[in-house]
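Working notes, beginning with the structure itself.
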Amino acid sequence: MKKRILVTGGAGFIGSHLSRFLLAQGHEVLCLDNFFTGRKSNINELSGRQDFELIRHDIIEPILLEVDQIYNLACPASPVHYQYNPVKTVKTNVMGVINMLGLAKRVGARILQASTSEVYGDPEVHPQTEDYWGHVNPIGIRSCYDEGKRVAETLMLDYHRQNRVDIRIARIFNTYGPNMLVADGRVVSNFIVQALRGADLTIYGDGRQTRSFCYVDDLVLALYRLMESSSFTGPLNLGNPHEFTMLELAEQVIELTGSRSRVIYQPLPEDDPAQRQPNIAKARKELNWEPRIQLKEGLKQVIDYFRQELSA
Ligand code: NAD
Ligand code: UDP
């Protein structure tokens, strides 16, 4: 059945891919964004369509809309951007999430919250399972995001228990793909842009910290399946369980771009998690899903994308 779907943060990296996917499934999309890290060019080819509408709005302000589903993705995701105005990041995750839950409650919409592996902080359990409560510094420079997203999960469950709001929580692990900004600041985009410009690749710390990178198309399918699942609320880990050190990532990027760049070492930011890998047994079981696109293949796509961005 055709649904009217609100995607907050819809002009951002993941939101733009999700909006396109939902339209391809035959749904109507209301794309809402304050354009902090999002941009119109991410959704250029969607504007003008009858089944697509773009709304400039900040979710920390209430909004009245009639929708069947809400994907709440609005929130800067790169440390550089969420630390730029940390108080605003907290407001987005508290006031913004309350507004979206209030909307869901009023119109009886199902709401999916884009949570994050950052709720596990610098994890002492590895790989991370959904029942792990995490190891988070409440007063550090990452706290506005980590604790913000943890409160957002609390709000989701409280609205669910108190008001019967129909919820879904996705704990998204590091995701990459086209439509990331050149100045995004996250590691995949930084390394590729540096390699293509012939600049040194900036490794923070000794480069032995790990992350597990999921290609955006795989993630979007999982978000959709979670939203459409009949009763499973989550939280659910969504990510690619193949784990790499940042040194390995840098080597792959240098090889695939054919760049002469070298790596240089810069100080490790405060509270940077040492290791991260999702246990996705639950997603496999509940959604019959697992990522299909492995790092090398995904990196090639993103390298092509950034080549075009840099030449434009
Ligand atoms: P992004 O920064 O590209 O997109 C976020 C979008 O939200 C941008 O378009 C931005 O302009 C918009 N936005 C920010 N604050 C807003 C507000 N107050 N009101 C309205 N719009 C607002 O980031 P992304 O990587 O696409 O992440 C999307 C969501 O997924 C975020 O909630 C993020 O926390 C979550 N997530 C992403 C990753 C990842 O690796 N990409 C991992 C975990 C969680
Ligand atoms: N990182 C790095 N060089 C960069 C950007 C990031 O070595 O230019 C490291 C960062 O310190 C972290 C990892 O790469 O250990 C992933 O960083 P990112 O900001 O992409 O995501 P997050 O830390 O939020 O998982």
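The table that follows gives values for the structure above.
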| read-out | value |
| --- | --- |
| Residue count for the stretch 73-95, restricted to those that are in a helix (DSSP H, G or I) and either modelled with pLDDT under 95 or of a type outside the set (A, V, I, L, M) (or both) | 9 |
| Residue check, residue 93 open to solvent by 10 Å² or more (accessible area, probe 1.4 Å) and away from ligand 2 (no atom under 12 Å from the Cβ) | no |
| Pair list, Cβ < 8 Å and 6+ apart or interchain, from the stretch 135-146 residues that are over 17 Å from residue 124 (Cα atoms) to residues that are of a type in the set (Phe, Trp, Tyr) and at pLDDT 95 or above | 144/82; 145/82 |
| From 98, 43, 70, 60, residue being open to solvent by less than 60 Å² (accessible area, probe 1.4 Å), more than 16 Å from ligand 2 (Cβ to nearest atom) and either in contact with a His (Cβ under 7 Å, 6 or more places away or on another chain) or assigned to a helix (DSSP H, G or I) (or both) | 43 |
| Neighbours by Cβ (under 7 Å, 6+ apart or cross-chain): first from the stretch 257-273, open to solvent by less than 100 Å² (accessible area, probe 1.4 Å); second in a strand (DSSP E or B) and within 16 Å of ligand 1 (Cβ to nearest atom) | 273/121 |
| Enumeration of residues in the stretch 10-40 that are in a loop (DSSP other than H, G, I, E, B), within 13 Å of ligand 1 (Cβ to nearest atom) and open to solvent by 30 Å² or more (accessible area, probe 1.4 Å) | 34, 35, 36, 37, 39 |
| Residue match in the stretch 189-203 (condition: open to solvent by 20 Å² or more (accessible area, probe 1.4 Å), touching a helix residue (DSSP H, G or I) at 6+ places or on another chain (Cβ under 9 Å) and aliphatic (A, V, I, L, M)) | yes |
| Which numbered condition residue 165 misses (of (1) within 12 Å of ligand 1 (Cβ to nearest atom); (2) part of a loop (DSSP other than H, G, I, E, B)) | (1) |
| Test: residue in the stretch 287-299 that is surrounded by fewer than 18 Cβ atoms within 10 Å (Cβ to Cβ) and closer than 30 Å to residue 154 by Cα | yes |
| Any hit, the stretch 101-112, residues being assigned to a loop (DSSP other than H, G, I, E, B) and either open to solvent by 10 Å² or more (accessible area, probe 1.4 Å) or within 26 Å of residue 17 (Cα to Cα) (or both) | yes |
| Any hit, the stretch 200-209, residues being modelled with pLDDT of 95 or more and away from ligand 2 (no atom under 16 Å from the Cβ) | no |
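Residue-wise test of (1) more than 30 Å from residue 158 (Cβ to Cβ); (2) not small (Gly, Ala, Ser).
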position: 216; (1), (2): yes, yes
position: 223; (1), (2): no, yes
position: 242; (1), (2): yes, yes
position: 251; (1), (2): yes, yes
position: 258; (1), (2): yes, no
position: 269; (1), (2): yes, yes
position: 276; (1), (2): no, yes
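The values are calculated or read from the model by the stated rules, or taken from the named source; none is laboratory data. The structure displayed is predicted, hence computed values, not measured ones. Positions of Cβ are generated from backbone atoms using ideal geometry, with glycine treated the same way; all protein chains shown enter the neighbour counts. To get the accessible areas, we keep the full protein, side chains included, count just its heavy atoms, and leave off ligands, DNA and RNA. Shrake-Rupley method; radii C 1.70, N 1.55, O 1.52, S 1.80 Å.
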